[in-house]
Every structure is written in C-alpha cells, then in structure tokens.
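First up is the structure itself, then whatever we jot down about it.
The values are calculated or read from the model by the stated rules, or taken from the named source; none is laboratory data. Just so you know, these numbers come straight off a predicted model, no measurement behind them. Positions of Cβ are backbone-derived with ideal geometry, glycine not excepted, and every protein chain shown enters the neighbour counts.
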Amino acid sequence: MRKNREVDRISLSYLNLQTPKENRGNIIVFFLVTLDLIGVLPILAVPFSYNFFIAMIVPVACLHLWAIMYVIAPYKYERSYYLFFGIYGLINTYVYFLVIQKLLYSHLFIQGSMAFITGIIFFISLIIFINWLNIRFLYSGTYANLQEKKTNKNVAPITAAAGLGYVIAHLVLTFIYSVSIKMAILIIVLSVLSIATAYFSTFIHRYFFILKNEEIVKKLRPEFGLPKKCRKNI
C-alpha cells in the first residue's frame, strides 16, 4: 500500500499539467522570443553564412509548420503538445548551438573543426544530462517534495552544477580563440538560455509518461485531449 501511494504521489507530481490555453500562449511567446528573435535572427544576420542557414532552416521550418495546429486547436491536440514542446526544446537548443558556432567562426574567424566538434559534444552532453536529471528527480520523489514544499538540499547543487558546467565550458572555449569580452558575454547568455531550452526537451519523456498513465490523467482531467466544443468547463 505504501509503495502504491508513493507511485501515485510521483505520478501526480509529473501530471500537474497546464491548460491548452496556456500551451498556446507558451508557443507564441517561446517561438517569437527564444527561437526566432534570439536564435533564428542571429543566423540570418550579417555576416550571413549559407552553411549555418542550411543547418538551421529545415528543422525550424518544420517546427513552425507543426506549431500551427497547437495555435489553432490547442484543446484537440492537447496530448501531443507535450511531444511537440519537447522536440521544440531540442531544436531550440540546437539553434543556440549553431548561433554560438557562428559567433566563433564568422565573428572570431577561428579555423579548424575542433571548436565545432567540442560544441557538438557540449550540446549532446547537456541534453543527455538534463533528461537524466529529470528522470532521477521524478522517480526519487524530488518533484513531489518540491510541489509539497519539502526542500531537498541536493537539488540546487546538482542543477547549478549542470548549468555552470555548460556555461564555463563555452566560456573556456571562447577564450581559447579570443579575448573578446563582448563575444564571451553573448556566448554566456546563449549558454544559459540553452539550459532552459534543454529542460524543455524533457517534455518528450513527459509525453510518453502521459500515454502510459492515461487513466490517471483522465481522473485528474476528465476533459483532457477533447476538442473545445466537447468540454463543459470552459
């Protein structure tokens, strides 16, 4: 019985879902600001690089087309929104990786492939670590404790270490090739934002968690996934 209560407690902590209206607002804000303004625009800016543009345009264009359904019908596609938002997190983090690489190659004029390879390693490591951390926090009851306002002294140091490590790694990479303070600040900002967008990629795991625990979701939100016209409490 105690184990069952603990599983329910863990599930409830992960199924504290937003409303479809909030989901639509997230798409509009995050796309316009974190993806298009901070990510896509620098790729298009002078000095223009055809290689970085090609590397960016296909996933970003596909993501924008996919987003239309969640803006038009967020209630009907409420379930798949979590898969979409997780993919968005991956792509946005990838775009920031490209922007950092453009700063290094097109503004600092570095040569060779070492910075690119190192950047890919940083990018993949960040995604893997954030998703591992998410799963660990879920099944250890950390999310449940946080929602119940029970502090966990291990959360802050681990999370801070993940973010700080990613930022320091890019900072060191910058100063290896340049002493430009301006470039260092830009790369630090992009690295910090990358941590947030990398966290959004954990919504992929949440999507599959929802599918696996749909009965619990229906108990908490009986109208989950229904079109707007079929919902009573709107």
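Counting just the residues of the range 125-142 that are over 13 Å from the mean Cα position of the chain (by Cα) and polar (S, T, N, Q), which one comes out surrounded by the most Cβ atoms within 10 Å (Cβ to Cβ)?
THR142
Cβ contacts < 8 Å: first residue more than 19 Å from PHE200 (Cβ to Cβ), restricted to the range 131-147; second residue charged (D, E, K, R) and modelled with pLDDT under 80, any location; separation 6+ or different chain. Result?
Filtered contacts from the range 131-147: GLY141/GLU6.
What's the number of the only condition in (1) closer than 25 Å to TYR50 by Cβ; (2) crowded, with 19+ Cβ neighbours inside 10 Å that TYR82 fails to meet?
Looking at each condition in turn, TYR82 falls short on (1).
Whether any residue in the range 194-208 is surrounded by fewer than 14 Cβ atoms within 10 Å (Cβ to Cβ) and at pLDDT 85 or above is what I want to check.
yes
Tell me yes or no: at least one residue of the range 176-185 is modelled with pLDDT of 90 or more and surrounded by 14 or more Cβ atoms within 10 Å (Cβ to Cβ).
Within the range 176-185 (the criterion being modelled with pLDDT of 90 or more and surrounded by 14 or more Cβ atoms within 10 Å (Cβ to Cβ)), the answer is no, since none of the residues qualifies.
Only residues in the range 215-234 that are touching a residue at least 12 places away in the same chain (Cβ under 8 Å) and under 16 Å from TYR82 (Cα atoms) count as the first member; pair them with residues that are surrounded by 12 or more Cβ atoms within 10 Å (Cβ to Cβ) and β-branched (Val, Ile, Thr), Cβ under 9 angstrom, at least 6 apart or cross-chain, and list the lot.
Going by the 9 Å Cβ cut-off, the qualifying pairs are VAL217/ILE210; PHE224/ILE210; PHE224/VAL217; GLY225/VAL217.
Search the range 52-68 for residues being without any contact (Cβ under 8 Å) to a residue 12 or more places away in the chain and touching a helix residue (DSSP H, G or I) at 6+ places or on another chain (Cβ under 9 Å), and hand back the single one that is nearest to ASN23 (Cα to Cα).
Per the criteria, the residue is CYS62.
Is it the case that some residue within the range 69-88 is out of contact with any helix residue (DSSP H, G or I) (no Cβ under 8 Å at 6 or more places or on another chain) and in a helix (DSSP H, G or I)?
Yes: the range 69-88 contains one or more residues that are out of contact with any helix residue (DSSP H, G or I) (no Cβ under 8 Å at 6 or more places or on another chain) and in a helix (DSSP H, G or I).
Quick one: how many residues across the range 8-34 are assigned to a loop (DSSP other than H, G, I, E, B) and more than 18 Å from the chain's Cα centre (by Cα)?
Step one: list which residues in the range 8-34 are assigned to a loop (DSSP other than H, G, I, E, B), which gives 15-19.
Next cut, more than 18 Å from the chain's Cα centre (by Cα) only: 19.
Residues that pass the stated criteria total 1.
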